[in-house]
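Below is one structure, written out as structure tokens, with a few remarks after it.
The values are calculated or read from the model by the stated rules, or taken from the named source; none is laboratory data. This one's a predicted model, so the numbers in the text were calculated from it and none came from an experiment. Counting neighbours? That spans all protein chains shown, and the Cβs are built from the backbone with ideal geometry, glycine included. Accessible surface areas use protein heavy atoms only, side chains included; no ligands, DNA or RNA. Shrake-Rupley method; radii C 1.70, N 1.55, O 1.52, S 1.80 Å.
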Amino acid sequence: MYALTFGGKEIINYSNIADPILLSSTDAIIKISLAGICGSDLHVYHGRETGLDQGTVMGHEFTGVIEEAGKDVKKFKKGSRVLSPFTTSCGKCFYCSIGMTCRCEKGNLFGWVQNGHGLHGAQAAYIRVPMADSTLVPLSNDLDEQKALLLGDVFSTGYFCAENAGIRRSSTYVIIGCGPVGLMAVIAAKHLGAEQLLAIDFVPERLAIAKQFGAEPLNASGLNIKEEILNRTHGRGADGVMEVVGSPQSLRSAIDILRPGGILSSVGVHTAVNFSFSPGEAYDKNLTYKSGRCPARYYAEKLLREEVPQRYAIEKIITHRFSLAEGPTAYEIFDKKLDNCIKPVLMN
Ligand code: NAD
Ligand code: ZN
Ligand code: ZN
């Protein structure tokens with residue numbers, strides 16, 4: 001089959017590799033329909049995440065159809081349509097039982113193979129999914145496939161970020177970063193009741209979508225963000241800040257604009273070795289800091305059940321569609337934010 005594989009810093013190869021096969025009776029092989037390229041893939045692309053084996057199939061966001069199911073897969077059969085969260089989960093361990101499926105004792109991240117161990121990704125024709133019954137989510141015929149794709153990661157992550165920020169109606173919230181995840185956090189924060197919601201980025205097209213989704217956009221270029229937020233909050237700072245970038249600068253800005261006693265909800269993937277604020281600053285802010293990987297399996301089910309993605313035009317962030325063969329170009333366009341690209345999707 002063809003797949004996009006990691007070839008080293010800023011090298012994505014369109015490669016012909018062996019088809020995946022069932023390795024366990026609980027595995028399924030999925031024929032991919034849609035695969036997303038994510039901001040998290042860019043950390044790998046730029047070599048900020050180290051340790052990934054060259055030749056690893058990239059990507060962790062996908063929808064598709066079961067091609068082959070192991071004999072112990074009970075919920076799905078050949079032809080079932082599915083969406084997938086970006087990690088596998090067993091459904092039985094302590095973490096799965098408390099809804100923290102992202103930390104399943106047997107779980108793995110798609111698109112991450114290190115020293116020969118781990119799972120290949122979804123930017124390919126096919127993918128092997130371990131623990132298929134407890135990892136995959138059925139995709140009903142009446143759900144838009146693009147919404148399903150976003151539920152597997154960025155919409156669930158945006159929602160997780162907003163929920164962690166403890167949204168209350170009369171408070172002031174700020175979202176730092178209006179990439180796909182930040183834009184999904186805008187929708188989620190509005191859904192959860194945020195009235196005063198500011199969204200910060202440097203990219204006008206992304207800010208324009210944040211505005212359409214109900215946030216007040218703030219372009220950070222040439223703006224003193226700290227002064228601006230303090231001016232808008234009687235000198236106090238925001239009640240909650242959602243950090244959706246994953247850089248030392250964005251974490252620093254988040255602390256600068258948060259009021260004492262506020263909540264910093266961070267979903268950006270950070271690769272710096274230290275926090276960009278000190279323990280003393282955290283103390284002085286009476287800081288509540290929430291962060292981490294989104295339990296997307298838990299949120300995908302919950303949000304579908306509550307019909308949240310059905311209610312909003314979340315698929316509006318998908319601006320570009322490419323064939324798998326165009327994948328290397330798609331990475332470049334997404335990374336450099338060319339052609340107003342917000343979220344690229346690969347189609348099989
Ligand atoms: P992205 O790279 O497309 O978007 C980041 C946005 O932040 C861009 O629009 C950029 O212009 C903006 N930005 C950069 N620096 C900024 C700053 N200092 N102030 C304001 N805006 C700034 O990425 P994405 O796909 O939206 O993902 C965002 C982050 O979330 C990434 O770090 C990604 O790895 C992470 N992520 C985490 C999880 C999780 O489970 N926690 C899941 C998915 C993605
Ligand atoms: Zn992702
Ligand atoms: Zn588990």
Candidate set from region 153-181 (those that are part of a loop (DSSP other than H, G, I, E, B) and not small (Gly, Ala, Ser)); member that is nearest to ligand 3 (Cβ to nearest atom): Asp153
Output for region 27-39, where each listed residue is outside any strand (DSSP E or B) and within 15 Å of ligand 2 (Cβ to nearest atom): Ile37, Cys38, Gly39
Residue satisfying condition, being within 27 Å of Ile98 (Cβ to Cβ), outside the structural domain of Ile175 (by TED's automatic domain parsing) and either among the hydroxyl-bearing types (Ser, Thr, Tyr) or in contact with a Cys (Cβ under 8 Å, 6 or more places away or on another chain) (or both), within set Tyr299, Tyr312: Tyr299
Filter result for the condition that a residue is of a type in the set (Ser, Thr, Tyr), within 27 Å of Asn108 (Cα to Cα) and in contact (Cβ under 8 Å) with a residue 24 or more places away in the chain, over Thr288, Thr271: Thr271
Residues within region 61-101 that are within 16 Å of ligand 1 (Cβ to nearest atom), within 19 Å of the chain's Cα centre (by Cα) and buried (at least 17 other Cβ atoms within 10 Å of the Cβ), tallied: 11
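Residue by residue, here is whether (1) assigned to a strand (DSSP E or B); (2) in contact with a helix residue (DSSP H, G or I) (Cβ under 6 Å, 6 or more places away or on another chain); (3) small (Gly, Ala, Ser); (4) not assigned by TED's automatic domain parsing to the domain that holds Pro130 holds:
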| site | (1), (2), (3), (4) |
| --- | --- |
| Lys9 | no, no, no, no |
| Ile21 | no, no, no, no |
| Asp41 | no, no, no, no |
| Gly55 | no, no, yes, no |
| Gly59 | no, no, yes, no |
| Thr63 | yes, yes, no, no |
| Ile66 | yes, no, no, no |
Near pairs, Cβ below 6 angstrom, 6+ apart or cross-chain, from region 13-41 (closer than 25 Å to Ala330 by Cα) to any residue that is within 16 Å of ligand 2 (Cβ to nearest atom) and open to solvent by 20 Å² or more (accessible area, probe 1.4 Å): Ser40/Val269
Cross-chain or 6+ apart pairs with Cβ under 7 Å, region 240-254 first and within 16 Å of ligand 2 (Cβ to nearest atom), then assigned to a strand (DSSP E or B): Val244/Ile175; Val244/Ile176; Val245/Ile176
Residue satisfying all of: in region 286-322; more than 25 Å from Asp239 (Cβ to Cβ) and acidic (Asp, Glu); most open to solvent (accessible area, probe 1.4 Å) among these: Glu307
Matching residues, region 16-60, being within 16 Å of ligand 3 (Cβ to nearest atom) and exposed (fewer than 15 other Cβ atoms within 10 Å of the Cβ): Ser24
Enumeration of residues in region 114-135 that are assigned to a strand (DSSP E or B) and out of contact with any strand residue (DSSP E or B) (no Cβ under 9 Å at 6 or more places or on another chain): Gln114, His117
Residue in region 136-152 that is surrounded by 24 or more Cβ atoms within 10 Å (Cβ to Cβ) and part of a strand (DSSP E or B) present: no
Unmet requirement for Ala325, which otherwise passes all of (1) assigned to a strand (DSSP E or B); (2) open to solvent by less than 60 Å² (accessible area, probe 1.4 Å): (1)
Output for region 153-182, where each listed residue is within 16 Å of ligand 1 (Cβ to nearest atom), β-branched (Val, Ile, Thr) and open to solvent by less than 20 Å² (accessible area, probe 1.4 Å): Val154, Thr157, Val174, Ile175, Ile176
